[in-house]
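A.B. asks: One structure, as structure tokens, below. Some questions next.
The values are calculated or read from the model by the stated rules, or taken from the named source; none is laboratory data. As the structure is a prediction and not an experimental result, all values here were calculated from the model. Positions of Cβ are backbone-derived with ideal geometry, glycine not excepted, and every protein chain shown enters the neighbour counts. In case anyone asks, the SASA skips ligands and DNA or RNA and just uses the protein heavy atoms, side chains included. Shrake-Rupley method; radii C 1.70, N 1.55, O 1.52, S 1.80 Å.
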Amino acid sequence: MRTHTLAVRLAAGFLPLTVMLGAASARQPVLPTVPQPVPAPRGHAVLAQVPLPAPVPVEAARGEAGPELSLGECVSIALARQPSLRAVLESTAAVEIGYKSLSNFGTAATLFSPDVDVRKQQAKRGLMATSAEYQKLHNEIVQDVTRMYYTAVYAKQQQELANRVVLRLDNLIEIGREYLKTAPAAELKESGFNTLSLQMMENGLYEARKLQVDARIGRERALAGLRELMAVDARTFPFRIKDQALPVMVQEVPLSMDRVVELALERRPELVLAAAGVDAFRLEVYAQGKIPFKRATRTFVSGADIHAKEIPATNRGADYRPGGIIPEMPPQLVGSKFDRVCKAMAFAQRAEAVYDKARNVIMLEAESAYLDFDQAARRLEISTEQFALSKRMQEQARAVAEFTKAKDRLVLAEMDASRAQSAYFESVHRYLLALAALERVTAGGIWPKFPDR
């Protein structure tokens with residue numbers, strides 16, 4: 001608890017904690033060991049939920065049991081139990097101990113270590129770096145939990161849709177088979193319905209069954225990822241996801257690329273981490289200048305690990321996502337005072353390039369996140385209209401289904417409607433993921449009002 005309080009206090013000093021955790025549930029606590037979430041500033045809450053009618057309940061996915069957890073509860077558990085976050089807290093505790101050790105050195109210590117005052121300042125930068133690293137990982141965990149949570153909900157909706165389509169096509173195919181057996185040849189010729197038409201209907205059924213499989217596996221994979229983030233095991237702590245359908249969000253305040261970039265540059269902990277590195281490297285120049293006679297002196301990296309971090313890390317995906325530059329500083333510098341100072345200056349200038357690169361990459365990431373959001377929002381508008389049109393077509397086809405001889409046309413109408421609905425679910429899912437990415441990219445400057453969080 002001490003290290004957790006320290007990290008929160010440090011984060012509040014150098015940059016705000018930007019993610020509001022889900023509110024505590026009114027039910028009994030899911031895990032007694034999970035502490036209450038820490039409130040934090042929400043930033044600009046510009047996106048809210050549109051109330052929707054309650055979805056029709058369906059059979060639960062295979063192997064799901066236990067209490068229902070909302071998105072907020074999943075986020076709270078992940079932040080309390082994720083080993084990666086605990087590891088950063090322990091690193092923070094180690095850095096704090098080192099800083100206190102240096103602080104205990106008095107004036108007499110400068111006689112033996114003339115650089116001790118500079119080392120104290122570098123230790124402060126180390127505290128800033130660990131605080132920024134904690135906040136960075138905090139933001140990433142919130143995004144990852146949101147992504148896995150809504151991916152599982154999305155897969156469930158796709159599975160429900162596939163189940164309905166399979167049931168409907170099974171019924172139509174059975175009617176088509178009976179029609180081929182009993183209808184007069186003249187009527188079959190007039191309708192154009194034949195064995196090939198029936199086989200095409202059966203092919204559509206196979207496609208729907210593949211969607212069933214993909215959706216079921218996709219949900220199980222998303223739940224597995226969510227359990228890893230929450231650091232729980234399905235055997236010892238089974239749980240179910242509360243949401244049965246993806247929430248549809250509405251934008252309350254206009255967003256622009258410039259505003260997203262501005263928020264990212266103001267709030268991203270990666271820039272705090274890079275700035276702390278620049279200061280620490282610059283201070284190394286002064287530290288080396290205070291040691292006149294030694295031919296080999298230790299640098300600050302022997303007691304800190306700022307040099308080991310790529311800020312931000314490289315992501316080689318489908319899109320262009322360059323990474324940062326890794327700072328460099330050897331554990332000791334060898335040579336005369338002049339040589340050691342010159343070497344330290346060169347490494348400090350490299351650290352400045354690290355900061356510039358980090359800033360450029362964050363700007364690119366913010367611009368890309370905004371474009372992804374804008375694309376997802378526009379696709380959602382089109383998918384909504386397309387889905388409404390396909391529903392009207394489906395209703396018209398079902399209204400005349402009893403009198404339609406060409407049953408394959410009914411299958412086509414059902415398949416078109418199911419594809420449009422599937423595309424609509426996908427568009428909503430992509431929109432939610434784009435919102436979660438905007439929240440991380442702006443470090444909570446944009447705070448979507450996801451339900452129950």
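A.B. asks: Let a ≥ b ≥ c be the square roots of the eigenvalues of the Cα gyration tensor of the range 156-198; is it rounded (a/c under 1.5), or, if not, prolate (a/b larger than b/c) or oblate? All intermediate terms of the calculation are to be shown ahead of the outcome.
C.D. replies: Details: a/c = 4.82, a/b = 3.24, b/c = 1.49.
It comes out prolate by the Cα gyration axes.
A.B. asks: Given labels modelled 7 Å from the Cα in the Cβ direction, how far is it in nm from Phe105 to Asp170?
C.D. replies: 7.7
A.B. asks: Could I have the simple spin-label model distance between Ser113 and Arg392, label points 7 Å from Cα toward Cβ, reported in nm to one decimal?
C.D. replies: 7.8
A.B. asks: In addition: What are the aspartates and glutamates whose alpha-carbon lies under 17 Å from the alpha-carbon of Lys337, with same-chain residues fewer than 8 places away excluded?
C.D. replies: The reachable aspartates and glutamates, counting only those whose Cα sits under 17 Å from Lys337, are Asp115, Glu284.
A.B. asks: Per residue, how many Å² of accessible area does the range 216-298 show with a 1.4 Å probe? If you can, show how the numbers build up before the last one.
C.D. replies: Details: 3990 Å² over 83 residues.
Solvent-accessible surface per residue comes out at 48 Å².
A.B. asks: Continuing with the same structure: Return the lysines within reach of Lys124: Cα separation strictly under 21 angstrom, same-chain partners fewer than 8 residues apart disregarded; answer none if there are no such residues.
C.D. replies: Straight-line reach from Lys124, under 21 Å: Lys100, Lys136, Lys290, Lys309.
A.B. asks: Also: Please give the contour-minus-distance gain from Asp356 to Gln375: 0.36 nm per residue of separation, less the Cα-Cα distance, rounded to one decimal in nm. Please list the in-between numbers first.
C.D. replies: Values: separation 19, 0.36 × 19 = 6.84 nm, distance 2.87 nm.
Separation in residues times 0.36 nm, less the Cα-Cα distance, equals 4.0 nm.
A.B. asks: Report the extension gain between Phe293 and Ala224 in nm, rounded to one decimal, defined as 0.36 nm multiplied by the number of residues separating them, less their alpha carbon distance. Please list the in-between numbers first.
C.D. replies: Numbers: separation 69, 0.36 × 69 = 24.84 nm, distance 5.90 nm.
Between Phe293 and Ala224, full extension yields an extra 18.9 nm.
A.B. asks: If you don't mind, another one. Label Val213 and Glu328 with points 7 Å out from Cα along Cα→Cβ: what is the distance between them in nm?
C.D. replies: 5.2
A.B. asks: 5 Å is the cut-off here: which amide hydrogens, built 1.01 Å from N in the peptide plane, fall below it relative to Gln332, excluding neighbours closer than 5 in sequence?
C.D. replies: Amide H neighbours of Gln332: Thr299.
A.B. asks: Could you name the lysines whose alpha carbon sits less than 30 Å from that of Lys156, not counting residues in the same chain fewer than 8 places away?
C.D. replies: Result set, ordered by chain and number: Lys210, Lys242, Lys391, Lys407, Lys449.
A.B. asks: Further question on the same structure: Using the Cα gyration tensor of the range 225-290, with a ≥ b ≥ c the square roots of its eigenvalues, what is the shape: rounded (a/c below 1.5), prolate (a/b larger than b/c) or oblate (neither)?
C.D. replies: Here the range 225-290 falls in the oblate category.
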